[in-house]
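Chemist: Below are the structure tokens for one structure; questions will follow.
The values are calculated or read from the model by the stated rules, or taken from the named source; none is laboratory data. The model shown is predicted, which means the values in this text are computed figures rather than measured ones. With ideal geometry, Cβ positions are generated from the backbone for all residues, glycine too; neighbour counts draw on all protein chains shown.
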Amino acid sequence: MSKFDEKVATYEASLEKIDKDGDKQLLRKVTQGLGPSIYNSDANRVACSDKKELQRVVDNFCKKKLGMTDEAKAMDAVQAVCKKYTDRSKHRAVFYYLVVKELGMESHYA
């Protein structure tokens, strides 16, 4: 098993706690979009307690990657995911996957 597949398996296990019927193909695509950052333990996590971190998710993922223009809607989705994804250590790939689902932007990864 490759390192990438090991990471995806970890993310799938984390996702199953939240969404037993999660879209594993979409999770894999979101993970691929993160590139080498998934191998960096600090960059691989999202801290919901850090407002600057949440703003970076909105700016760098929602706006730049997904093409969102409504910042308030993007921040609402990020906040909703923070409430839903209650693990202390939140994997960025799973967090971004949940943001995509929350925004209904799955077609972006089609």
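Chemist: Would you mind telling me which numbered condition in (1) surrounded by fewer than 16 Cβ atoms within 10 Å (Cβ to Cβ); (2) at pLDDT below 95 K52 fails?
Modeler: (2) is the only condition that K52 fails.
Chemist: Given the condition in contact with a Phe, Trp or Tyr (Cβ under 8 Å, 6 or more places away or on another chain) and at pLDDT 95 or above, answer yes or no: does some residue in region 78-86 qualify? First the steps, then the outcome.
Modeler: Going through region 78-86, the residues in contact with a Phe, Trp or Tyr (Cβ under 8 Å, 6 or more places away or on another chain) turn out to be 81, 85.
Filter again for at pLDDT 95 or above, leaving 81, 85.
Checking region 78-86: at least one residue is in contact with a Phe, Trp or Tyr (Cβ under 8 Å, 6 or more places away or on another chain) and at pLDDT 95 or above.
Chemist: Another question, then. Looking at the chain, what helices (runs of 4 or more DSSP H) fall wholly within it and have at least 3 residues that are touching a residue at least 24 places away in the same chain (Cβ under 8 Å) and out of contact with any Lys or Arg (no Cβ under 7 Å at 6 or more places or on another chain)?
Modeler: The helices (runs of 4 or more DSSP H) meeting that bar are 3-18, 24-34, 71-84, 92-103.
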